[in-house]
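Structure record follows, encoded as structure tokens.
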Amino acid sequence: MHMSGRHVIGENSTAILSTSHAECKDTCFDFSEADNFFTMDGVTTSDMDWPQKHKRTTADHPLLIWLSERDNYLAELIRIDGRGDVGDIAVMIYKCTVANHLRLPTHRVDEVFFQRMSLKKLGLRIQLGHPVGQHCILPHQAFNDDFILIDTDGIYEIGLDFLLQQYQILSFKSKASAYEFYHTLVHLTDNTGLSKRKDHYESFMRMVHEWCHLKMVKCFSRGHDPNGVNATSPRECAVLCPACPQPGKNLPHGWEDVTKAKWWLYAIFVAIDANFRLKRHNVSSNKVDPSLAKGWAYFVEETEYKAFLGQCLGDEQEKSMCSSHNTVNMADTKLSQGLAATGMGTVDCACHNMKRPNGVGDLQKGEKYINMDYLFFSTLCGTQLQMLNVSYDIACQWHKHLWARMKFLPQSHALD
């Protein structure tokens with residue numbers, strides 16, 4: 001399959017430049033070849049001189065290394081939430097001195113020969129969000145463990161611990177971005193900007209990614225599966241709408257045998273829409289930055305999704321006969337140069353505004369039927385229903401040939 005050289009599906013898509021104008025008017029991409037090189041403004045990397053790549057080490061792919069130890073991290077997270085192990089607490093030097101200065105962290109101790117030593121070096125840690133003397137079960141040191149307190153009577157080194165959970169709750173309630181949270185910590189460390197410090201923002205984002213993933217799989221008891229986290233089934237970590245009809249959970253016995261006149265009692269209402277503000281730049285790849293939850297919650301499984309889209313590259317989008325349907329008619333003209341995703345498509349519970357399992361996916365070239373069809377039938381997989389109501393702003397055009405298009409989807413997505 002081929003497509004325009006200015007548009008790429010997925011961030012791990014493969015690009016092969018075609019020089020034959022008879023074969024393609026524009027540059028073309030072939031998704032069947034290996035991911036050896038890419039194109040940029042019509043020039044292949046083989047025609048350009050690039051600096052020699054540095055030797056790869058494990059530090060180049062920290063997320064992949066972390067992924068191989070995910071089960072161990074999850075087991076430890078569950079352990080420390082339980083009774084833990086008292087023997088794990090390290091014995092601190094000058095225990096009494098540290099204990100007497102829990103409320104005086106800026107004091108400095110005179111050691112032999114009147115050499116001053118900070119309480120941080122003696123083992124004192126300040127743990128935000130906890131009463132004095134109480135030990136946090138999930139401490140996380142400040143970046144590079146070099147937090148500096150500028151007080152009215154001096155400058156002090158402080159051993160500061162904060163929690164990733166603090167940022168997670170803050171982002172939910174205050175809508176503060178990770179960028180704002182991180183740079184708040186930077187300015188708390190040095191608000192003058194005179195000290196040259198290493199930027200840890202990328203590392204912080206990776207830690208947040210890993211933390212949220214561990215909290216999700218822990219919440220759904222995946223740490224107690226003898227087969228490990230990888231045994232998680234699709235949609236298993238999604239929170240279902242508690243008010244929608246859920247067979248075996250909130251429906252009476254024999255609900256499926258009611259007459260057609262009462263089907264509306266157990267009807268499902270879904271809403272389909274797209275958001276084109278959620279763009280994602282093509283700055284990485286699935287190999288370096290893999291998905292941690294492979295279709296386990298709200299996003300569809302990416303590998304199968306991209307494979308299906310790759311098979312449909314040559315299909316033309318059907319033009320809308322309705323007025324002002326630019327979403328459909330201009331789908332092929334959406335600017336996607338340098339983007340891995342031009343937006344995001346979603347399928348929600350229309351009554352209660354909750355995302356449906358496997359109902360979210362990236363859009364690579366506008367709101368095309370192949371994307372929205374895949375998301376729509378993905379979220380309905382395994383759903384028992386008598387009546388389905390769909391709300392979609394382009395439903396008058398989208399519903400045409402819907403069942404015919406369904407036949408080209410994977411067999412697992414077909415409805416009876």
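Scanning segment 353-373 for residues that are of a type outside the set (S, T, N, Q) and open to solvent by less than 30 Å² (accessible area, probe 1.4 Å) gives 357, 359, 360, 361, 362, 363, 366, 367, 368, 369, 372, 373. Restrict the check to segment 269-277 and report whether at least one residue is of a type outside the set (A, V, I, L, M, F, W, C), part of a loop (DSSP other than H, G, I, E, B), touching a strand residue (DSSP E or B) at 6+ places or on another chain (Cβ under 8 Å) and surrounded by 14 or more Cβ atoms within 10 Å (Cβ to Cβ). For segment 269-277, residues of a type outside the set (A, V, I, L, M, F, W, C), part of a loop (DSSP other than H, G, I, E, B), touching a strand residue (DSSP E or B) at 6+ places or on another chain (Cβ under 8 Å) and surrounded by 14 or more Cβ atoms within 10 Å (Cβ to Cβ): absent. Considering every residue within segment 333-352, establish whether at least one is open to solvent by 50 Å² or more (accessible area, probe 1.4 Å), assigned to a helix (DSSP H, G or I) and either within 30 Å of residue 251 (Cα to Cα) or without any contact (Cβ under 8 Å) to a residue 60 or more places away in the chain (or both). Yes, there is a match, as at least one residue in segment 333-352 is open to solvent by 50 Å² or more (accessible area, probe 1.4 Å), assigned to a helix (DSSP H, G or I) and either within 30 Å of residue 251 (Cα to Cα) or without any contact (Cβ under 8 Å) to a residue 60 or more places away in the chain (or both).
Any idea which residue in segment 293-308 is nearest to residue 240 (Cα to Cα), counting only those that are open to solvent by 40 Å² or more (accessible area, probe 1.4 Å) and not polar (S, T, N, Q)? So the residue we want is 298. Apart from one condition, residue 362 fits all of (1) acidic (Asp, Glu); (2) over 20 Å from the mean Cα position of the chain (by Cα); (3) modelled with pLDDT of 90 or more; the exception is (2).
Mind checking which residues of segment 374-416 are under 13 Å from residue 346 (Cα atoms), open to solvent by less than 10 Å² (accessible area, probe 1.4 Å) and in contact with a helix residue (DSSP H, G or I) (Cβ under 7 Å, 6 or more places away or on another chain)? The answer is 374, 377, 378.
Out of all the residues in segment 311-325, is one or more open to solvent by 10 Å² or more (accessible area, probe 1.4 Å), at pLDDT below 95, among the aliphatic types (A, V, I, L, M) and within 14 Å of the chain's Cα centre (by Cα)? No: zero hits. Only residues in segment 400-416 that are over 20 Å from residue 295 (Cα atoms) count as the first member; pair them with residues that are open to solvent by 50 Å² or more (accessible area, probe 1.4 Å) and assigned to a helix (DSSP H, G or I), Cβ under 9 angstrom, at least 6 apart or cross-chain, and list the lot. Here the result reads 408/311, each pair linking segment 400-416 to a residue that is open to solvent by 50 Å² or more (accessible area, probe 1.4 Å) and assigned to a helix (DSSP H, G or I). Under the condition of being open to solvent by less than 30 Å² (accessible area, probe 1.4 Å) and hydrophobic (A, V, I, L, M, F, W, C), the residues counted in segment 212-251 number 7. The set of residues in segment 278-292 being under 28 Å from residue 220 (Cα atoms) and either open to solvent by 30 Å² or more (accessible area, probe 1.4 Å) or touching a strand residue (DSSP E or B) at 6+ places or on another chain (Cβ under 6 Å) (or both) consists of 278, 286, 287, 288, 289, 291. Among the candidates 397, 386, the residue that is outside any loop (DSSP other than H, G, I, E, B) and more than 23 Å from residue 302 (Cα to Cα) is uniquely 397.
Taken over segment 278-292, residues that are modelled with pLDDT under 85 and of a type in the set (Ser, Thr, Tyr) amount to 2.
Scanning segment 173-195 for residues that are open to solvent by 90 Å² or more (accessible area, probe 1.4 Å), outside any helix (DSSP H, G or I) and over 22 Å from residue 159 (Cβ atoms) gives 175, 194.
The values are calculated or read from the model by the stated rules, or taken from the named source; none is laboratory data. As the structure is a prediction and not an experimental result, all values here were calculated from the model. Every residue, glycine among them, receives a Cβ derived from its backbone with ideal geometry; neighbour counts consider all protein chains shown. The protein model used for the area step is the full one, side chains on, heavy atoms only, and it has no ligands, DNA or RNA in it. Shrake-Rupley method; radii C 1.70, N 1.55, O 1.52, S 1.80 Å.
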